[in-house]
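A.B. asks: Sharing a structure with you now.
Each value in this text was obtained by applying a stated rule to the coordinates, not by laboratory testing. Predicted model only: the values in this text are computed from it and were never measured. FYI the Cβ positions are ideal-geometry reconstructions off the backbone, even for glycines, and counts take in every protein chain you see.
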Amino acid sequence: MSEEQLKILLLAGGVGGAKMAEGLNFSSNISLTILGNIGDDDSFHGLWVSPDIDTMIYTLSDEINKTQSWGVKDDDYKALSFLSKLGNNTWMSLGDKDLGLHIYRTDRLRRGDRASDITKDIAEAFGVTPHIILPTDDIVQTKVLTDQGWLTFQEYFVKERCNPVVKEIVFDGLHVAKPTHEALEAIAIADIILIAPSNPFVSISPILNIPGILDALKECDAIKLAVSPLINGKAIKGPAEKIMISLGLRADSMGVANFYKDLIDGIIIDSSDAELAPEIKSLGMQVFCTNILMSNNSEKRRLAGEILDIAKNNNFPNEVNA
Ligand code: GDP
Ligand code: CA
C-alpha cells in the first residue's frame, strides 16, 4: 500500500468520531472521507438539527466549543432566551450561530435538497477538507426504550442526561431508508475502513443498520479496523458502558470487539487493557494495544499515525502490499 493512495473511510458519531477525524486530518498523504451518523437528528423549534454531523463540521473547522466538545465557540443564547420566554422547551442548548446553520439546513430541506448535498455545501463553506458523507438522505431516528418509557435520542441524551436505564434501542424509519450513492461508492473504493471510538450502539449502529451499508462493508476489500471507545471498561464520555451493562453485554473492549466481530479485521485497544488481547484474538481478529486516549492534538495525531502504520504494516487477510 502506498500512502499517497490511501483512501480512509471513517465511520463516526459526534465527539469521539470528531477527535479521530482531527487526528487523521493531520496526515497529508491520505484522502479522508467521513461517514457520519444521522440517527441523532431531530426537529427543534421547527428546525432540523443534526448534532453528530454538526459536531464533526464544527470540530474540523475549528468552530467547536472546545470546553464542551460540542456547540460553537463564543456563541450566544439570545434566540434561545426569547424561545424560552415564549414558552418553548429549551433543554436542547442551541446557540445563535448554531441556529443559523439549522435555519440554513431546514430551509434547503424544505426546498427539496438532499441532506447529503446540504452537508457537503455546509462543510465546504466552513473550509472542511475531508468529505463528510451521510449513510442515507432519509430520516432515520434513534429511539430509546428506557425505564421511563420511550424517549427520542436527544430526550435520553440531553434532557435526561443518560440517566434512564436503556432497555432497547430502535432506529425509526430504517426499513424504508435507502443508502446514499456516496456512502456505497466510498465503501467500495476505501483502502482502510476505520470505526472511530464512537458509541457503538447509538453512533455506529445507526450507520451500519441503514439497508445496504453493512453488506457493502462486509463485501469491500478494505482493511477494517475499529478503535475502542472504552478504557478499563469505562467510556471517556457518555453512556457507552452504561448502555452495554443495561443491554446485558460485557462493558469492556472485549464487548466492543464482540459487537463488531463479523465486520472488522482488527481492533485498537488501550495498553491498560492488554490482558483482554488473547480473548479478543479468539474472536478471529487482530488486537493492537496503544494509548487510545486523545486528550490533545498531539495524542490525536499520534494515534491516527499509529493506526495508519498498523494498516500498512500488518498482514491482514485482504491486504495488498505495494
Ligand atoms: P457523541 O455522538 O458526541 O456521543 O460521540 P461519539 O459517539 O462519536 O463518541 C462517544 C464515545 O467516544 C464515548 O463512548 C467515549 O468513550 C469515546 N471517546 C471520547 N473521547 C475518546 C478518546 O479520547 N479516546 C477513545 N478511545 N474514545 C473516546
Ligand atoms: Ca451522537
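A.B. asks: Given labels modelled 7 Å from the Cα in the Cβ direction, how far is it in nm from ASN29 to ASN232?
C.D. replies: Here the answer is 3.7 nm between the modelled labels.
A.B. asks: By how many nm would the segment from ARG161 to ASP62 grow when fully extended, if each residue of separation counts as 0.36 nm and the alpha-carbon distance is taken off?
C.D. replies: Fully extending the segment from ARG161 to ASP62 adds 33.0 nm.
A.B. asks: Pull up all non-local amide H partners of ALA226: gap of 5 or more, or a different chain, and H-to-H distance under 5 Å with H placed in the peptide plane.
C.D. replies: Close amide H contacts, sequence-distant or interchain: ILE195, GLY266, ILE267, ILE268.
A.B. asks: For ILE231, enumerate residues with amide H under 5 Å from its amide H, sequence gap 5+ or separate chain, H modeled in the peptide plane.
C.D. replies: Those qualifying (amide H under 5 Å, at least 5 residues apart or on another chain) are ILE236.
A.B. asks: Given all pairs of different Cα atoms, what value in angstroms does the Kirkwood hydrodynamic radius of the chain take?
C.D. replies: 20.0 Å
A.B. asks: Same structure again: Using the Karplus curve 6.51 cos²θ - 1.76 cosθ + 1.60 with θ = phi - 60°, what ³J(HN,Hα) values do you get for each residue of region 281-292, in whole Hz, with x for Gly and Pro?
C.D. replies: Per-residue couplings from phi come out as 4, 5, 7, x, 9, 7, 10, 10, 10, 7, 7, 9 Hz.
A.B. asks: Search the structure for amide H atoms under 5 Å from the amide H of ASP138, placed 1.01 Å from N in the peptide plane, and list their residues when 5 or more places away or on another chain.
C.D. replies: Here LYS178 satisfy the definition.
A.B. asks: Per 5 Å bin from zero, what fraction in whole % of the C-alpha pairs of region 54-123 is there, up to the bin with the longest pair?
C.D. replies: P(r) for region 54-123, in whole percents per bin: 3, 16, 22, 22, 19, 14, 4, 0.
A.B. asks: Using the Karplus curve 6.51 cos²θ - 1.76 cosθ + 1.60 with θ = phi - 60°, what ³J(HN,Hα) values do you get for each residue of region 96-104, in whole Hz, with x for Gly and Pro?
C.D. replies: Whole-Hz 3J(HN,Hα) from phi for region 96-104: 5, 5, 4, 4, x, 5, 5, 5, 4.
A.B. asks: Mean separation of Cα pairs under 8 Å and 6+ residues apart, divided by the residue count of region 189-288: what relative contact order is that in percent?
C.D. replies: 26 percent
A.B. asks: Based solely on its DSSP helices, what 222 nm [θ] is calculated for the chain when runs of n ≥ 4 H residues each add -39,500 (n - 2.57) and the sum is averaged over all residues, nearest 500 deg cm²/dmol?
C.D. replies: Value at 222 nm, helices only, nearest 500: -10000 deg cm²/dmol.
A.B. asks: GNM, the chain, Cα, under 10 Å: largest mean-square fluctuation among ASP262, ASP270, ASP138?
C.D. replies: Its mean-square fluctuation being the largest, the pick is ASP262.
A.B. asks: Over 21 Å between C-alpha atoms is what I'm after, so list which of LYS7/LYS237; LYS178/LYS312; LYS237/LYS261; LYS7/LYS178; LYS73/LYS143; LYS7/LYS312 land there.
C.D. replies: LYS7/LYS237; LYS178/LYS312; LYS237/LYS261; LYS7/LYS178; LYS73/LYS143
A.B. asks: Using a cut-off of 19 Å between alpha-carbon atoms, which aspartates and glutamates can reach LYS78, once sequence neighbours fewer than 8 places away in the same chain are excluded?
C.D. replies: Cα-Cα hits under 19 Å: GLU63, ASP96, ASP98.
A.B. asks: On full extension of the chain, what length is gained from ASN88 through ARG111, given 0.36 nm per residue of separation minus the C-alpha to C-alpha distance?
C.D. replies: Taking ASN88 through ARG111 to full extension adds about 5.7 nm, to one decimal.
A.B. asks: Set Lys and Arg Cβ to +1 and Asp and Glu Cβ to -1, take the dipole of region 141-279 about its Cα centre, and tell me which of ALA188, ASN163, ALA277 lies farthest positive.
C.D. replies: ASN163
A.B. asks: Kindly write out, for region 130-143 in residue order, the coupling ³J(HN,Hα) from the Karplus curve 6.51 cos²θ - 1.76 cosθ + 1.60 (θ = phi - 60°), rounded to whole Hz, with x marking Gly and Pro.
C.D. replies: With coefficients 6.51, -1.76 and 1.60, one gets x, 7, 10, 10, 10, x, 8, 9, 7, 7, 10, 10, 6, 10 Hz.
A.B. asks: Considering the chain as a Gaussian network with a 10 Å cut-off on Cα pairs, which listed residue, GLY266, GLY233, GLY248, attains the greatest mean-square fluctuation?
C.D. replies: GLY248
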